[in-house]
Amino acid sequence: MKRQPVIIAFCCNWCSYAAADLAGISRLQYPGSIRIIRVMCSGMVHPDLVLQALNKGADGVIVVGCHLGECHYLRGNEMALARAEIIADTLEDLGIAAERFQLVWVSSSEPERLVAAFRAMSERLEAGRPPWIEAKEDGQ
């Protein structure tokens, strides 16, 4: 059986974490290899946190925040958007595949959207899995 890609999800407290909670209450299923980390705002996710997660073995990182214009901290998600551009440039400079990072906007009332984003990223990473990961799974 293939290992599912481990994805670190930085979820803002006010929208996406609430959507994850609602997904659980609604019994919506997403890959069990998603590791949710609650942050107060998506704008608080520093690029170093994303790089550290990838360096520590995560297959992907997804930052999930409130829709633009709906941030509890007014402009935190705009900061997250600016940081996402920095992260994308840094990953490119380091030779890390761009599909290993994603920024998504989710409202607290959109658990289906959150689950769809988790599933899509997991499937995308599984499809683009490098051969050396397959070798590790086979015990080689």
Using modelled amide H (1.01 Å from N, peptide plane; none on Pro or chain starts), what sits under 5 Å from the amide H of I34, excluding residues fewer than 5 places away?
I7
Hey, what's the Kirkwood Rh for the chain if you take every pair of different alpha carbons, in angstrom?
15.3
Over region 5-140, what is the mean sequence separation of C-alpha contacts under 8 Å (at least six apart), divided by residue count, expressed as relative contact order in percent?
34
Per residue, in Å², the accessible surface of region 1-53 once ligands and nucleic acids are set aside, probe 1.4 Å:
54
Could you work out [θ]222 nm for the chain from helices alone, using -39500 (n - 2.57) per DSSP H run of at least four and dividing by all its residues? Round to the nearest 500 deg cm²/dmol.
-14000 deg cm²/dmol
Would you please give the residues with an amide H less than 5 Å from that of L103, counting only those at least 5 places away or on a separate chain, with H modeled from the backbone geometry?
V63
Would you mind putting 61-68, 80-87, 101-108 in packing order, based on average other-beta-carbon counts within 10 Å, highest first?
61-68, 101-108, 80-87
Residue by residue, what Karplus-based ³J(HN,Hα) values in Hz, rounded to whole numbers, does region 63-76 have, using 6.51, -1.76 and 1.60 with θ = phi - 60° and x for Gly and Pro?
9, 10, x, 5, 4, 4, x, 10, 6, 4, 9, 6, 10, x
Sequence order, region 26-36: Karplus ³J(HN,Hα) from phi using 6.51 cos²θ - 1.76 cosθ + 1.60, θ = phi - 60°, Hz rounded, Gly and Pro as x, gives 7, 6, 7, 9, 9, x, x, 8, 7, 10, 8
In whole percent, how big is the carbon plus sulfur part of the accessible area of the chain, probe 1.4 Å, protein atoms only?
53
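The values are calculated or read from the model by the stated rules, or taken from the named source; none is laboratory data. Not measured: the values here are computed from a predicted model. Reconstructed Cβ throughout: ideal geometry from the backbone, glycine too, with neighbour counts over all protein chains shown. Heavy atoms of the whole protein, side chains included, go into the accessibility calculation; ligands, DNA and RNA do not. Shrake-Rupley method; radii C 1.70, N 1.55, O 1.52, S 1.80 Å.
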